[in-house]
Each structure stands twice: as C-alpha cells, then as structure tokens.
Amino acid sequence: MLTITTRLDVMNRLGRAMADSTRSRILMSLLDGPIYPAALARELGLSPSNVSNHLTCLRDCGIVVAEPEGRRTRYEVADPRLTTALTALLDTTLAVDHEAECIDPTCTVADCYTTEVNA
C-alpha cells in the first residue's frame, strides 16, 4: 500500500537509500527504466540475493515499486518526479567533479574545468 509521507521523512529515506553504494548503483540503473532483479544482478556484477536485499530496502523506503509480471517481478522508480530529481542530482554531482567536463557550454565560472581548458 502506498502512503503519503512528510518532506523530512522523504529526505531521510532518500539519504538512507543513497548512503549505500550498492543501492546507489541500483538506483542509477533504474533511472534507465524498469528492470528485473536477475538482469540487474548481471548488469552490476552482484549476486541475485544481494540485489534482492537492496531492492527490498529501496521498496520499503518507498523509492522503488515492484510490479509482478507472471512469475517474475519488475522494479522501477516509484515516481517519475523522483527520476527527474535523481537525474538532476547526478548532473549536479558530475558538474562539480574537477575531472569531468562542464555540462554547460556557456559556463563562465572561473574555476570551471571547461573554462580552464578553453582559456
């Protein structure tokens, strides 16, 4: 059963989910779309039981939903707005990585990697 939760609870649940690197990797894979646990385990090089445990945590946190399909279960991010927010967070994280190119071609920030390279 899906329930509505407070904003603080949402932040706490997201923090808990992303604090573990395996769960973060699973979430990043789920940003590409729904996937089955066995395929996710192969993609990430993890055991099926490990993936199952982490998916259970993500489901219990309300971040992913499980959709039964016959004898299999497909997992996906629970809300499209969460997909948008996580994608924006990843883009922001990549933008501050000094080894990564700036994602904004019009960036004028003095310490920006792209600005330094193009200067």
How big is the gap, in Å, between the Cα center of the stretch 32-74 and the Cα center of the stretch 4-21? 18 Å
For Met18 and Glu69, calculate 0.36 nm times their separation in residues minus their Cα-Cα distance, and state this gained length in nm to one decimal. 15.6 nm
Alpha carbons only, please: Rg and Dmax for the stretch 1-78, in angstrom. 12.2, 36
Once you put a point 7 Å from the Cα of Thr5 and another 7 Å from the Cα of Thr56, both along the Cβ direction, what distance in nm separates them? 1.8 nm
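Every number in this text was worked out from the coordinates using simple rules, so none of it is lab data. Keep in mind the model is a prediction, meaning the values are calculated, not measured. When we count neighbours, we look across all protein chains shown, and the Cβ atoms used for this are built from the backbone with ideal geometry, even at glycine.
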